[in-house]
Amino acid sequence: MASESNSSTGLRDRLPRRLVQLFVGLALYGASMALMIEAALGLDPWDVFHQGLASRIGLSFGTIVIIVGAVVLLLWIPLRQKPGIGTVSNIVLIGLAVDATLAVLPTPDAMAVRITFLVLGIVLNGVAGGLYIGARLGPGPRDGLMTGWVGRKPGRSIRLTRTVIELSVLGVGVLLGGTVGVGTIAYALLIGPLNHVFIPLFTVRPSARRLRVEPVPDAAA
């Protein structure tokens, strides 16, 4: 119990660094999405859905990201998930960042540049995910949906649950006209290994000065 208390206090001591890391990570995540959109070589499943929905409704990509994030967050209610500041920030900042980046990013014609955009987008996505997840201020709404569902169904595979959710979203996105291509496959193959590297690398640890062992009371006292 004392160890948990020390760990919690140690993380509170590092809150300024965690907030900066969270906001930088979310901004970079939006930028990574914009790079993959401009590459026009295929998006990850959720962004295929976002793009298809945006094309049908006529709103900006970032606005759709914000709306979908808010709707997914409502699905947390029956799952009894509690959002953190990172969850709410995720909904708003990623959408704003992707629209801002799209506004200044050129649309390349040359295949070499498009491939470069795709590769940079995927790698940056992995880095950004490691930053905002590693800040430990709450999961994104889509990640929380997955973990909340698994938590309500003990023994259910996280991998299977995520696969079902993402394939479902991808299928709807394709029907709506979202872009699927080599980038979709590349993202599916690379994001796992990238997360494996960058999430542990950027995970914030409790302040070392708080991680001390509490003295054991004298049994004779």
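Net charge near R142, counting Lys/Arg +1 and Asp/Glu -1 over other residues with Cβ under 12 Å of its Cβ?
Net charge in that neighbourhood comes out at -3.
Evaluate the charge dipole of the chain about its Cα centre and quote only its size in Debye, nearest 20, assuming +1 on the Cβ of each Lys and Arg and -1 on the Cβ of each Asp and Glu.
680 debye
Which of the following values of Cα Rg over 2.2 N^0.38 Å was calculated from the structure shown: [x] 1.21; [y] 1.15; [z] 0.98?
[y]
Could the peptides 185-198, 132-145 be put in order, highest first, of the mean number of other beta-carbon atoms found within 10 Å of their residues?
Ranked by mean Cβ neighbours within 10 Å, highest first: 132-145, 185-198.
Can you give me the accessible area per residue for the chain, using a 1.4 Å probe, in Å²?
Per residue, the chain has 53 Å² of solvent-accessible surface.
Would you compute, from DSSP H runs of 4+ residues alone, the mean residue ellipticity of the chain at 222 nm, taking -39500 (n - 2.57) per run and dividing by the full residue count, rounded to the nearest 500?
-24500 deg cm²/dmol
Starting from the Cα-Cα distance between I185 and L105, subtract it from 0.36 nm times their residue separation and give me the gain in nm to one decimal.
Extra length from I185 to L105 when fully extended: 26.5 nm.
Sum up the charges of everything whose Cβ sits under 14 Å from the Cβ of L35, counting Lys and Arg as +1 and Asp and Glu as -1, but leave L35 out.
Local charge sum for L35: -3.
Calculate how steeply helix 15-39 sits against the longest principal axis of the alpha-carbon atoms of the chain, using the helix alpha-carbon long axis, and give the answer as 0 to 90 degrees to the nearest 10.
Computed tilt is about 20 degrees.
Using a 1.4 Å probe over the heavy atoms of the protein chains, calculate the carbon and sulfur portion of the accessible area of the range 73-149 as a whole percent.
73 percent
With a cut-off of 8 Å between alpha carbons and a minimum separation of six or more residues, what is the relative contact order of the chain in percent?
Relative CO of the chain lands at 40 percent.
Choose one of F61, A110, P200: the residue whose Cα lies farthest towards the positive end of the charge dipole of the range 47-204 (beta-carbon charges +1 Lys, Arg; -1 Asp, Glu; about the Cα centre).
Ranked along the dipole, the leading option is P200.
By how many degrees, 0 to 90 and rounded to 10, does the Cα axis of helix 141-152 deviate from the longest principal axis of the chain?
That works out to roughly 60 degrees.
With every protein chain left in place and a probe of 1.4 Å, what is the accessible surface of S207, to the nearest 10 Å²?
Accessible surface of S207 is approximately 20 Å².
Could you sort R205, R114, R80, R17 by accessible area so the largest value comes first, with the probe set to 1.4 Å?
R80, R205, R17, R114
The values are calculated or read from the model by the stated rules, or taken from the named source; none is laboratory data. Values in this document were obtained by computation on a predicted structure and should not be read as measured data. All Cβ positions, glycine included, derive from the backbone under ideal geometry; neighbour counts span all protein chains shown. Areas reflect the complete protein model, heavy atoms only, side chains present, ligands, DNA and RNA absent. Shrake-Rupley method; radii C 1.70, N 1.55, O 1.52, S 1.80 Å.
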